[in-house]
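Visitor: I am attaching a structure below and will ask some questions about it afterwards.
Please treat every number below as a calculation from the coordinates, not as lab data. Note that the structure is predicted; figures quoted are calculated from it, not measured. All Cβ positions, glycine included, derive from the backbone under ideal geometry; neighbour counts span all protein chains shown.
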Amino acid sequence: LDDALWDLTQMTSYPRSFLFDRTCPLQAMVDTRLFTDTEEEILFGREREMAVLLKAKKRIADHVLTETNVPPGKVKCEKGLAFAQEINVRQELIVLTGYAGSGKSCMLQSLIHACNKDGWFVLRCKYDKHSAPFQVLSRAFDDFFGMWVSKINEDRAYLGPATMQSFKRLCDSIKFSIDEEGLQLLFRNIPNLAKIFPQAATASEVPNHDQDSSFIGSVGTQIARRMNLFHVLFKSLCSSGRPALVIHDDLHWAKSLEGMREFLVNYVNIACGDPCGDQIASHGVLLVGAFRSNEKNDGFIKTVNSIEQSEKAKVTKLAIGELAQDDIGKLLSTKLCLPIRYTKKLAELVSSKSGGNPFFIVQFLKSIVENRMLEFSINEKRWMWDCDVIDMKMISDEVAQLLTTRFNQLPLPLIQTVKIVSCFGSQVEESMLGLLNLGADVLRMAINEGLMEKAGPIYQFTHDLIQQTIYDLIPLENRKILHRSIGRSLLQ
């Protein structure tokens with residue numbers, strides 16, 4: 001009965017794909033979404049976890065909407081909620097843990113999409129093993145302000161007065177909380193922030209001894225200074241009277257995690273007073289962190305536990321496991337546009353090969369499509385396969401081997417290019433690649449192959465496992481040589 005209900009739902013949702021004859025192999029391939037970028041990927045088997053995230057989103061949004069008229073000086077106390085003396089604040093912390101490829105980043109992207117749709121302020125910090133934590137925070141705020149610069153220039157009327165008022169409150173909070181020297185230091189590391197304050201950006205320069213190295217460095221007062229500046233930015237973000245989502249993805253890559261734990265504790269303890277004098281705004285902050293459960297995270301887990309015990313923020317822990325075979329069947333049914341009963345045996349095989357890991361599943365499917373073990377038949381007007389052939393040919397369930405085999409089949413110029421890009425970490429600016437004379441055609445090929453994606457001026461790998469596997473393809477003895485060569489090219 002459940003299978004029949006699923007099939008009827010699919011027919012209702014996608015009538016063109018499920019109810020009409022299919023004769024175009026190209027369209028059938030597009031429908032799989034295996035080799036094309038989509039704005040919002042369909043999640044399977046994550047209904048419970050997404051429900052937890054969306055319920056937390058609703059609690060924060062409802063709080064901001066319904067509590068904005070709390071009189072000044074009133075303090076509302078409730079377990080799991082932190083309130084400042086004259087500001088009504090709700091903070092929630094959700095921690096996602098799971099193995100690499102379990103779908104944590106996809107879930108976060110789905111949450112980001114929902115919050116953006118509802119007009120939230122969204123800040124996404126995505127860590128990688130090549131960047132210091134404060135470089136990641138700088139990049140996240142630069143992306144945030146860059147997006148707002150574009151919105152203001154292109155869609156000011158569409159944003160509406162309430163949104164513009166919230167953004168103005170955010171900007172005023174920054175302006176009134178940071179001195180000129182601090183602003184100039186932020187402008188160096190968050191260029192798009194300077195576009196918000198063009199007059200301040202043309203003011204006197206920061207002294208030469210206080211360049212970017214002091215911001216990213218890790219000695220003495222430099223740490224305290226940069227942490228204070230970021231606290232002001234976060235505090236301003238949370239003081240806008242608009243719900244805020246703050247994402248910390250791939251925290252297992254964060255270097256100097258001790259400093260990040262201290263930052264997180266201090267952040268949760270922020271009393272979000274409004275330096276602009278607006279004492280009746282209600283603030284709501286949803287902080288979501290994600291890290292791999294197979295990495296060593298004892299210190300970070302202790303920090304989360306201490307926050308939970310302090311009752312200064314509502315803390316929720318979500319363990320992301322493997323997909324069940326039924327969920328894999330639904331995934332295959334949707335991608336192949338077939339009734340679920342047709343995909344049961346294939347789902348069983350895919351489950352055994354991938355271990356139920358979503359990323360492994362997608363890579364496995366790409367591999368058998370490219371090897372023509374899963375093929376669209378014009379005569380049958382549907383996807384066809386032979387489970388015995390797939391079982392016999394694809395005996396390895398190691399995604400690294402699948403990825404390596406696939407990469408080695410790509411054109412040599414593409415392989416060489418993505419190896420260079422992998423040296424920068426999970427993402428890099430287009431201008432940086434231009435300085436290295438990396439051709440736009442080859443980068444476009446990387447996007448078409450599903451290795452990378454482009455968001456504004458940023459190129460980034462579609463998954464950190466892809467970046468890691470490509471980087472590991474560079475022989476160890478050649479990595480230092482390649483890094484040195486890149487550095488010299490950039491200096492020239």
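Visitor: log10 I(q)/I(0), Debye, Cα-only segment 310-400, no solvent, q = 0.17, 0.18, 0.21, 0.25 Å⁻¹?
Guide: So the normalised log intensities work out to -0.70, -0.78, -1.03, -1.40.
Visitor: What is the spin-label model distance, in nm, from Lys317 to Thr23 if the labels are put 7 Å beyond Cα along the C-beta direction?
Guide: Between Lys317 and Thr23, the label points sit 5.8 nm apart.
Visitor: Right, another one. Would you mind computing, in nm to one decimal, how far apart the modelled labels at Asp118 and Arg488 are, each placed 7 Å from Cα along Cα→Cβ?
Guide: Rounded to a tenth, the inter-label distance reads 5.4 nm.
Visitor: With each pseudo-label sitting 7 Å past Cα toward Cβ, what's the Leu65-Ile152 distance in nm, one decimal?
Guide: In this crude label model, Leu65 to Ile152 measures out at 2.7 nm.
Visitor: Extension gain Leu476-Met432, at 0.36 nm per residue separation less the Cα-Cα distance, in nm?
Guide: 13.5 nm
Visitor: Continuing with this model, one more query. Of Lys55/Lys168; Lys126/Lys312; Lys129/Lys480; Lys117/Lys314; Lys58/Lys117, which ones are farther than 21 Å apart at the Cα?
Guide: Checking Cα-Cα distances, Lys55/Lys168; Lys126/Lys312; Lys117/Lys314 exceed 21 Å.
Visitor: Say the dipole of segment 358-492 comes from +1 at the beta carbon of Lys and Arg and -1 at that of Asp and Glu; which of Thr417, Leu435, Gln467 then lies farthest toward its positive end?
Guide: Leu435
Visitor: In addition: Restrict the search to segment 101-135; then list the trypsin sites (Lys or Arg not before Pro) that DSSP places in a loop and that have at most 16 other Cβ atoms within 10 Å of their Cβ.
Guide: Lys129
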